[in-house]
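Scroll down for the structure; my scribbles are underneath it.
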Amino acid sequence: MAQAALDPDGLTAPVPGRGTMTAMTTPAVGPAARRPAPRGTSGPSAPSTRRVKRSPATSVPLAERAGGPDLARGLALLGIAMANTIGWLHGTEWTVLLKQADATVADRIVDVIASFTIDNRGFPLFAMLFGYGIGILHRRSQARGERARTFLARTARRHLVLLLLGLTHGILLFSGDILASYAIIGMLCAVLVTVRKRWLLPVAAILTTPLLAFWGWADGTIGLWGMDGYPEASAATYLEGVEMRAWDMLYVVGSSLASDLGLLGPMVIGALAARIHLFEQVRPNRDILVPLTAVGIAVGLVGAVPLTAVLVIDPHHDWLYNETALGILGVVHQFSGVVGALGAAAAAALIADHVRRSNGPPGTPGLGVPARAVYAVEALGAMALTAYVAQSAVFMALFPPYTLGLGARVGSAGAAVVVLLSWLVMVVVAVLLRRAGRRGPLELVLRKLGGATSPRSAGKAGPS
């Protein structure tokens, strides 16, 4: 769940009534932009021989962020929180997708909804948005005429801070942390983005996305392993849990480039989408976004059917206990989730654009309830890093044996109630922060320690 995904910058979109420069008018980049002007020419196309002093870095104003990616993040936070509850529930043997084999009707209904909309769909969506943000930051860096090493140095600093935040989160709160892995794999994505050979990104996506098959195989066969929860979930004391999580995070940092390399595929897909401003320039890309939404969501739903059927009909594997068959169903569930995630991101872009064109930007007087709801979720998406960590703090206060011990007493339905209530509270907090023109606390920490992502404008023009 990372900087561009959890703490994005530079997602700009046209704001009605504003004369600022936005993503719609981002200068062209690529071979034509890099080609030097003929010797002796003058004007805007002629390269300057004077040393240009770089302005201090700042971030894109909240009011100029593109709504689609933030809406997708805000909704995905709800799903990610629900998916993460498997790291807190314990005491009941697992079946496919790490669900509890023995479950009430209400629990299983929640499990089915999660299987179709969250499991193996939420993290690819976050990874795509992470890569999309990296692509935008690189695009803006090119538009400023920066060298690749300048972009990579700034990105490395921010990802180092993100890695430290991830380690802190993983050790103190939740060993299922994704920030550390996103920081490491995301840096590899940033390096690939700067390579001038434009075919390299598609090839990287083709080569690394299949690595997600290992995760899908595990989701399909986990019920054969006799597990009933993660050890950290049933730790007797907080310090015991910290020790377990510290070892887990040490393994994550040491093995991410191998065990988490599958994340690079969705990240690269996001970076490729950023090349054409796919989720920012909605009208020019509508011919892509509309079919992408329909096909992506359809594939995501259909691909979830086989493994979900096992979850409902045979959770104890009385009939289907063949590891190969279950593994294949898990892989289908995983890969269809990647396609579904892309469809969800496209849908969020279309919805956010429609709301803006029908109702005006956030803060417009007289907004209806649907528009207010969309903008509220967008506000949460803009502080996704803070919300992601806050979810773990809430779970830590409720689920472990050394707090309220709900992890051994509730199932998926009870956990879903906790998730939904905490998500709604965070939405309210995000709206209040947005109205005050403030970012989330951890977003501010990341900017303070890692630096902002775009140069401070010399005049009144908006960011490009």
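Assorted remarks:
- Segments classed as helices (runs of 4 or more DSSP H), wholly inside region 366-459, with at least 1 members that are in contact with a Pro (Cβ under 8 Å, 6 or more places away or on another chain): 369-382, 384-398, 412-435
- Residue count for region 394-421 satisfying the condition of being farther than 19 Å from Gly91 by Cα and surrounded by fewer than 20 Cβ atoms within 10 Å (Cβ to Cβ): 4.
- Those residues of region 87-106 which are surrounded by 22 or more Cβ atoms within 10 Å (Cβ to Cβ) and aliphatic (A, V, I, L, M), in sequence order: Leu89, Val96, Leu97
- Residue within region 412-419 that is within 19 Å of the chain's Cα centre (by Cα), of a type in the set (S, T, N, Q) and at pLDDT 95 or above present: no
- Residues considered: Gly145, Gly91, Gly135. Of these, the only one that is among the small types (Gly, Ala, Ser) and either in a helix (DSSP H, G or I) or under 14 Å from the mean Cα position of the chain (by Cα) (or both) is Gly135.
- The listed residues are Leu264, Leu292, and the only one of them that is within 29 Å of Glu232 (Cα to Cα), buried (at least 19 other Cβ atoms within 10 Å of the Cβ) and within 24 Å of the chain's Cα centre (by Cα) turns out to be Leu264.
- Flag if Glu243 is charged (D, E, K, R), modelled with pLDDT of 95 or more, surrounded by fewer than 23 Cβ atoms within 10 Å (Cβ to Cβ) and assigned to a helix (DSSP H, G or I): yes
- Here the condition is being within 20 Å of the chain's Cα centre (by Cα), at pLDDT below 95 and either within 30 Å of Arg144 (Cα to Cα) or of a type outside the set (Phe, Trp, Tyr) (or both); of Ala452, Ala430, it holds for Ala452 alone.
- Any hit, region 212-222, residues being of a type in the set (Ser, Thr, Tyr), at pLDDT below 90 and crowded, with 16+ Cβ neighbours inside 10 Å: no
- Pairs where the first residue, in region 422-447, is under 16 Å from Asp70 (Cα atoms) and the second is of a type outside the set (A, V, I, L, M, F, W, C) and at pLDDT 95 or above, C-beta under 6 Å, 6+ apart: Gly440/Thr386
- Answer from Thr308, Thr293 - the residue that is of a type outside the set (A, V, I, L, M, F, W, C), within 25 Å of Met227 (Cα to Cα), outside any loop (DSSP other than H, G, I, E, B) and in contact with a helix residue (DSSP H, G or I) (Cβ under 7 Å, 6 or more places away or on another chain): Thr308
- Number of positions in region 433-444 that are over 19 Å from the mean Cα position of the chain (by Cα) and either surrounded by fewer than 17 Cβ atoms within 10 Å (Cβ to Cβ) or at pLDDT below 90 (or both): 4
The values are calculated or read from the model by the stated rules, or taken from the named source; none is laboratory data. Note that the coordinates shown come from a computational prediction; the quantities given were computed from them, not determined experimentally. Virtual Cβ from ideal backbone geometry, glycine too; neighbours counted across all protein chains shown.
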